[in-house]
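The values are calculated or read from the model by the stated rules, or taken from the named source; none is laboratory data. Everything numeric here is computed off the predicted structure, so don't read it as measured data. Reconstructed Cβ throughout: ideal geometry from the backbone, glycine too, with neighbour counts over all protein chains shown. All accessible areas refer to the heavy atoms of the entire protein, side chains included, with ligands and DNA or RNA removed. Shrake-Rupley method; radii C 1.70, N 1.55, O 1.52, S 1.80 Å.
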Amino acid sequence: MSVKLERLCQKLREVLGGSIGEPMLRLGEVTIEIDGAAALEVARTLRDHPELRFEQLIDLSGIDYSAYAGWPGKRFAAVCHLTSLTHNWRLRLRIYAPDAEYPVLPTLTDVWSAANWYEREAFDLYGIMFDGHPDLRRILTDYGFVGHPFRKDFPVSGYVEMRYDPEQQRVVYQPVTIEPREVTPRIVREEQYGKVSDRG
Amino acid sequence: MAEIKNYSINFGPQHPAAHGVLRLVLELDGEVVVRADPHIGLLHRATEKLIETRTWLQSVPYMDRLDYVSMMCNEHAYCLAVERLIGVEVPLRAQYIRVFMDEVTRILNHLLNIGTHALDIGAMTMVLYTFREREDLLDVYEAVSGARLHAAYYRPGGVYRDLPESMPRYTENKFKDPATVKRLNAAREGSLLDFVEDFCNRFDGYLDEYHTLLTDNRIWKQRTVDVAVVSPERALQLGFTGPMLRGSGVEWDLRKKQPYEVYDRMQFDIPVGSNGDCYDRYLVRMEEMRQSNGIVRQCIDWLRKNPGPVITASHKVAPPAREAMKANMEELIHHFKLFSEGMHVPAGEVYAAIEHPKGEFGVWAVSDGANKPYRLKLRSPGFPHLAATHEMAKGHMLADVTAIIGTIDLVLGDTDR
């Protein structure tokens with residue numbers, strides 16, 4: 001398996017060369033990282049080049065790295081998982097949005113039609129704008145929702161809750177009344193935690 | 001002359017053929033669909049966000065609630081992702097049990113799909129037959145995990161426990177006389193494997209019955225043949241996977257092409273359609289059930305002969321045995337740490353995909369080394385399929401929309417997450 005992936009890395013270096021960083025091979029998967037500006041050209045090459053042939057966009061998802069300790073890249077990225085049926089290999093393509101305040105990426109809908117709804121989802125949940133998208137509406141959250149709920153600075157309980165108001169005889173929004181709580185705290189242990197040391 | 005305008009209607013969210021809470025805004029020109037705009041998210045529960053606040057083990061039951069007709073397959077992808085990140089070995093018997101249960105799940109899923117698809121487009125009888133068989137398989141679910149639907153049976157490192165040696169039996173009551181109970185319990189005298197084997201033997205005959213009911217049925221063919229034709233090129237472009245892709249004639253099945261667990265040891269064929277219409281996708285699903293039945297049989301043979309552990313012995317991932325935990329200090333600490341703080345998963349990211357009954361179900365897990373995921377993206381097969389509704393429904397009649405929703409095997413739990 002890894003011989004095949006080495007070959008994929010080699011091909012990526014040959015074909016895309018300078019426009020991508022060094023392909024990373026980890027846990028049996030290949031990742032390349034690019035900036036938003038190069039995304040369209042790289043995506044087209046990945047799809048059309050006979051040595052690569054990534055015909056299918058399996059997944060596109062937003063991610064917010066702001067709470068990831070020591071993350072070297074930018075805050076927002078769109079991560080694509082591509083599959084080539086011809087060569088039977090997969091690739092992860094991470095596209096960083098240059099600006100954390102107003103993340104904008106070019107749309108990939110012209111390259112893979114499947115990107116349409118995935119980009120709507122990434123916009124809805126992370127607020128990543130996709131330049132040139134034909135129909136960039138919210139998709140999963142409620143009509144009239146405010147904010148981008150999957151960002152790390154958005155609380156799990158949200159900001160508003162909904163209830164029926166018998167006086168106005170309609171459903172109204174009001175600020176949440178839930179106390180935030182965390183049963184199990186998030187813990188990152190040091191590398192050697194739990195290993196029995198050699199005490200002689 | 002009167003001005004003729006297009007007409008917009010809401011299909012769902014309260015519509016029996018909308019398979020849950022799909023709101024489909026249709027723009028009609030007479031009876032012809034001009035635009036289909038699915039509004040999803042009415043069942044959005046922010047599963048991915050909730051998972052970021054739970055430990056890795058606590059998230060397993062969330063997977064059942066995604067695609068609530070193929071529960072164990074969802075768990076499977078999640079467990080694969082965690083196992084790859086940690087690098088833990090799954091015992092061989094557990095791998096066989098997973099394949100076994102995955103194929104049972106595939107039959108369950110396709111039975112529901114074909115039954116309700118037929119129900120939606122006018123064949124009332126099918127659903128009665130398929131739900132009869134589903135009942136037996138849900139009993140299998142209940143016997144292995146204790147729950148009919150939300151199993152939480154697969155765990156990172158293996159499965160929760162070994163297959164039971166006995167099946168639960170019916171008892172006499174004022175509604176069931178001794179003769180009925182005896183008949184109902186006939187297949188339940190032995191172990192779970194005996195029960196499933198009995199089912200497998202009956203199931204080929206059941207499939208023939210379904211074929212008799214539908215395959216050459218004139219009405220069924222009128223409603224499905226040449227409806228929603230998708231070419232192989234468009235299917236790839238639109239991100240189709242599973243029976244939707246194979247119905248269009250692309251031979252692509254992760255069980256064969258990128259085998260996981262013990263699928264490389266199994267003998268089975270991949271059915272492929274030729275026209276890419278609703279009828280071909282129906283035929284693909286029917287044949288997949290027959291193939292799954294064969295895989296289940298192969299698993300039964302192997303599982304009978306090869307006892308062994310079903311979950312990893314690494315106590316950083318899986319809890320120790322109950323007796324050991326009660327008797328031994330170290331095991332007690334392991335147990336306590338695992339269920340309070342949870343396991344620590346090394347920093348990194350992984351994408352684990354399986355051939356879910358509906359297509360490719362993938363889990364992209366990102367860990368920063370904590371006891372909880374940093375980000376978990378669930379790639380559900382239904383999402384891109386539903387996104388293609390407009391392309392498939394355009395130019396068809398209003399009544400065909402029902403057939404299209406049926407053929408994409410829509411379950412909103414996994415589309416909305």
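Things worth noting here:
- Selection within segment A:102-135 - among the aromatic types (Phe, Trp, Tyr) and either open to solvent by 10 Å² or more (accessible area, probe 1.4 Å) or not in a loop (DSSP other than H, G, I, E, B) (or both): A:102, A:117, A:118, A:123, A:126, A:130
- Of all the listed residues (B:327, B:313, B:321), the sole one being modelled with pLDDT of 90 or more and farther than 30 Å from residue B:207 by Cβ is B:327.
- Qualifying residue in segment A:45-60 (condition: within 14 Å of chain B (Cβ to nearest Cβ), in contact with a helix residue (DSSP H, G or I) (Cβ under 6 Å, 6 or more places away or on another chain) and farther than 26 Å from residue B:237 by Cβ): no
- Residue within segment A:83-101 that is more than 13 Å from chain B (Cβ to nearest Cβ), within 30 Å of residue B:257 (Cα to Cα) and buried (at least 22 other Cβ atoms within 10 Å of the Cβ) present: yes
- In segment B:341-359, the residues that are within 7 Å of chain A (Cβ to nearest Cβ) reach residues that are among the basic types (Lys, Arg) with C-beta atoms within less than 7 angstrom, at least six apart or across chains, in these pairs: B:344/A:189; B:348/A:26; B:350/B:84; B:351/A:92.
- Looking across segment B:191-217, the residues that are of a type in the set (Asp, Glu) and surrounded by 15 or more Cβ atoms within 10 Å (Cβ to Cβ) come down to B:194, B:197, B:198.
- The set of residues from segment B:339-358 being surrounded by 15 or more Cβ atoms within 10 Å (Cβ to Cβ) and touching a Leu at 6+ places or on another chain (Cβ under 7 Å) comprises B:342, B:343, B:345, B:348, B:350, B:352, B:353, B:354, B:355.
- Candidate set from segment B:154-170 (those that are part of a loop (DSSP other than H, G, I, E, B) and of a type in the set (Phe, Trp, Tyr)); member that is farthest from residue B:101 (Cα to Cα): B:170
- For residue B:241, the conditions (1) open to solvent by 50 Å² or more (accessible area, probe 1.4 Å); (2) modelled with pLDDT of 90 or more; (3) not aliphatic (A, V, I, L, M) all hold with the exception of (1).
- Residues (aliphatic (A, V, I, L, M), in a helix (DSSP H, G or I) and closer than 22 Å to residue B:83 by Cβ) located in segment B:301-325: B:303
- Across segment A:67-77, a minimum of one residue is classified as of a type in the set (Ser, Thr, Tyr) and outside any strand (DSSP E or B).
- Residue check, residue B:129 open to solvent by 60 Å² or more (accessible area, probe 1.4 Å), modelled with pLDDT of 90 or more and either among the hydrophobic types (A, V, I, L, M, F, W, C) or in a helix (DSSP H, G or I) (or both): yes
- Test: residue in segment B:239-254 that is basic (Lys, Arg) and within 14 Å of another protein chain (Cβ to nearest Cβ): yes
- Residues that are open to solvent by 60 Å² or more (accessible area, probe 1.4 Å) and within 18 Å of residue A:55 (Cβ to Cβ) within segment A:8-44 comprise A:41, A:44, listed in sequence order.
- Selection within segment B:367-392 - open to solvent by 10 Å² or more (accessible area, probe 1.4 Å) and either over 22 Å from residue B:22 (Cβ atoms) or within 9 Å of chain A (Cβ to nearest Cβ) (or both): B:368, B:369, B:387, B:391
- The one condition in (1) more than 16 Å from residue B:45 (Cα to Cα); (2) within 11 Å of another protein chain (Cβ to nearest Cβ) that residue A:129 fails to fulfil: (2)
- Test: residue in segment A:6-25 that is at positive phi, part of a loop (DSSP other than H, G, I, E, B), more than 10 Å from chain B (Cβ to nearest Cβ) and without any contact (Cβ under 8 Å) to a residue 60 or more places away in the chain: no
- Inside segment A:140-159, residues that are out of contact with any Phe, Trp or Tyr (no Cβ under 7 Å at 6 or more places or on another chain) and more than 11 Å from chain B (Cβ to nearest Cβ) make up a count of 4.
- Subset tally (residues that are among the aliphatic types (A, V, I, L, M), open to solvent by 100 Å² or more (accessible area, probe 1.4 Å) and not in a loop (DSSP other than H, G, I, E, B)) for segment A:138-179: 1
- For residue B:188, the conditions (1) under 14 Å from residue B:97 (Cα atoms); (2) buried (at least 16 other Cβ atoms within 10 Å of the Cβ) are fulfilled apart from (1).
- Residue match in segment B:318-329 (condition: within 11 Å of chain A (Cβ to nearest Cβ), surrounded by fewer than 22 Cβ atoms within 10 Å (Cβ to Cβ) and over 24 Å from residue B:73 (Cα atoms)): no
- In segment B:296-316, the condition of being aromatic (Phe, Trp, Tyr) and open to solvent by less than 30 Å² (accessible area, probe 1.4 Å) is met by no residue.
- Considered as a group, the residues in segment B:36-67 that are within 11 Å of chain A (Cβ to nearest Cβ) and basic (Lys, Arg) include one that is farthest from residue A:118 (Cα to Cα), and that residue is B:54.
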